[in-house]
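Right, one structure below, let's go through it.
The values are calculated or read from the model by the stated rules, or taken from the named source; none is laboratory data. Fair warning: this is a prediction, and the values are worked out from it, not measured in the lab. Here the Cβ positions follow ideal geometry from the backbone for every residue, glycine too, while neighbour counts run over all protein chains shown. Ligands, DNA and RNA are excluded from the accessible area calculation, which covers all protein heavy atoms including side chains. Shrake-Rupley method; radii C 1.70, N 1.55, O 1.52, S 1.80 Å.
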Amino acid sequence: MYRDHRNARVPRPLHRPAGVRAGMRSPPGPAPAPVPAPLLLLYPLPAPPAEILAGRRPLLSREKMGSRSASEEKAGSRQRLQVKVNEYKENQNITCVSLRPVQTTVLGKTPKVYLVPFSLSNYKSDQFKHPKSLLNKNSNNEFVCKKCKKTEIRKTCRRILTPKMEATSSKTESTLQKSSLDVCTESNKRQHKSTSDTVIPSVDMESIQNLDSDEDTTLGLSAARLREMIKKRQPPESKRKMPKKRENGTGCRRSMRLLKVDPSGVSLPATPTQPTLIADENPLLPPGPLEMTPENRDDDNDLFKGFLQTWAEVSKTSIKNTEKELSSIKNYKANLNGMVINEDTVHKVTKGPILSVALHPSEIRTLVAAGAKSGQVGLWDLTHQSEEDGIYVFQPHSQPVSCLYFSPANPAHILSLSYDGTLRCGDFSRAIFEEVCRDERSSFSSFDFLGEDASTLIVGHWNGNISLVDRRTPGTSYEKLINSSLRKIRTVHVHPVHRQYFITAGLRDTHIYDARHLNPRGSQPLISLTEHTKSIASAYFSPLTGNRVVTTCADCKLRIFDSSCISSQIPLLTTIRHNTITGRWLTRFQAVWDPKQEDCVIVGSMAHPRRVEIFHETGKQVHSFFGGECLVSVCSINAMHPTRYILAGGNSSGKIHVFMN
């Protein structure tokens, strides 16, 4: 195929062995070595016109086509036919006759050769064309010269050939027509499948006869005969057969679960197509008071009534805290050494991790309260003879209980705050959980008593808001809602002496506010503690004087600040290295002050063996509580009795560990 001169690609010369010319027999000798596929042996063809090589349109004139005489045609055709037949007998291994190499697909080691006739009709529009006056297109997509007709060429060939040759030529000619159509059809299919720009040309024998009738007739006969011999010698095409699909049975092994078949062989019921509505695991409890009914008790109402009556009477006779002088560190250590733990002081109280712990201030009985992640509030009376009889679990909330306190004015009341936006007060005397505050649009995080009589509360929200609640007013809504400068609030704590001040722990900042100057549109803090580099878990004033502030940060440091003079700056006194990385499965550590010893901090530990540690404000370790086999978990939340040496620690499985002397 010759391309346009704009994309002209110089054709490779047709090389022949040295000493071999067209029309001559090959010299005798050993057969040449096999050539790797694809091998293209080109049969000598007449050279294309110079106009085609130069990229110009050839001119076919009638004078040129009819210049030869009949006698020269007969003599020349007989001589050339005899020579080419002899050549064909000796060169039976010729695989292709073409003007240029044709792309072939080789399967294995056998080359696949496509014999494609050459036709000028397959050239593009921008290449040379035949004159419309000389060429005409028939139904088989072939060009036939008007001057030289096919019937006349057949008659001329029959005059030249012998009777034996006539039979061969007619048979060869019919084979050539069939094979040319097959090759053209196959080449057209390959043209559509090919992604390259190469075009496989097809040869129209009648168009070549128009150029040179004698040579082309001989060429057509020899090419047809050659194609027929190649088809006999070539092995059949090896095509990969697609595996037949099994009508009965599956194509590959599949588990019975994927086939939706029960192991016993019974088909499983079809899955519902409609999406099923998943009920809320923690539905919000209805507003209003809730009866104080224990979940772990179905009977023995008399025993539970006796429990409530006992603690209601103890709360009335409880002695209020009075100011005491700080004991020396030596005496304090001696009392801590006398605190022990045993199997009777370890018990599972709630279901799920414990987020808050509180100790009743009674000095004659021991009552521990725990708030769980499941929304439960558990009460454990350690002075009872039987452990099972002394534990009562209630469900006043639907989400985690993050803050829990006994009322300083009436210890018979226990106040609990939950993420579900409710704040309730459990009254032992009436056996109900009364609703103090409710906000379904926001989630509560922490609270503290703003007044000494516990009538007013300050509540922190997870979204950074602060609300003031007055228990003396009817209803369960807050009195005032303030937008703080924090994006999130985790803990809220009120100064024990100057109760107008309170401290909040946010993401990375700790702020101190004045409750007298709160603006609902937005309040700026009096003091900001910006020494923290990561999120803060808690911040608390010291219990007696409020001269110290302890913070727990995720950067594995406990910081103690001097808050004796609340001004624009609060200096940092001590930084204590402490592993506070509890992970996602453990409750975060919160360092709290010992109510009896203002300069000592209690915090859990990740060290082995498990322990609870006490640090002095100077950073020195005062004491470590070891429990041996009784303490094998991390106590993240801890609380100390306000007057007695009793320590209660809660872990992430709902257990309470009590150290007491």
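In the structure displayed, which of Lys373/Lys534; Lys488/Lys557; Lys351/Lys557; Lys316/Lys596; Lys480/Lys655; Lys373/Lys488 lie more than 26 Å apart, Cα to Cα?
Values: Lys373/Lys534 24 Å; Lys488/Lys557 21 Å; Lys351/Lys557 31 Å; Lys316/Lys596 22 Å; Lys480/Lys655 38 Å; Lys373/Lys488 19 Å.
Long pairs (Cα-Cα over 26 Å): Lys351/Lys557; Lys480/Lys655.
In terms of packing, defined here as the mean over residues of other Cβ atoms within 10 angstrom, the peptides 575-586, 438-449, 543-554, 616-627 line up highest first as 543-554, 438-449, 616-627, 575-586.
Solvent exposure of segment 460-544, expressed per residue, is 45 Å² of accessible area, with all protein chains present and a 1.4 angstrom probe.
Any chance you could run the full-extension gain for Ser328 through Asp562? It's 0.36 nm times the residue separation minus the Cα-Cα distance, nm to one decimal. Write out the running numbers ahead of the final one.
Working: separation 234, 0.36 × 234 = 84.24 nm, distance 2.05 nm.
The span from Ser328 to Asp562 would gain 82.2 nm if fully extended.
Can you order the peptides 309-316, 423-430 by their average number of other Cβ atoms within 10 Å per residue, highest first? Please list the in-between numbers first.
On the way: 309-316: 16.5, 423-430: 21.0.
Output ranking for 309-316, 423-430: 423-430, 309-316.
Quick one: if you take sqrt(5λ) for each eigenvalue of the C-alpha gyration tensor of segment 454-494, what semi-axes come out, biggest first, whole angstrom? Intermediate values should be presented prior to the final figure.
Numbers: eigenvalues 79, 24, 10 Å².
For segment 454-494, the semi-axes come out at 20, 11, 7 Å.
In whole Å, what three semi-axes, largest first, describe the equivalent ellipsoid of segment 504-661 built from its Cα gyration tensor (square root of 5 times each eigenvalue)? Spell out each step's value before the answer.
Details: eigenvalues 164, 58, 42 Å².
Each semi-axis is the square root of five times an eigenvalue, giving 29, 17, 15 Å.
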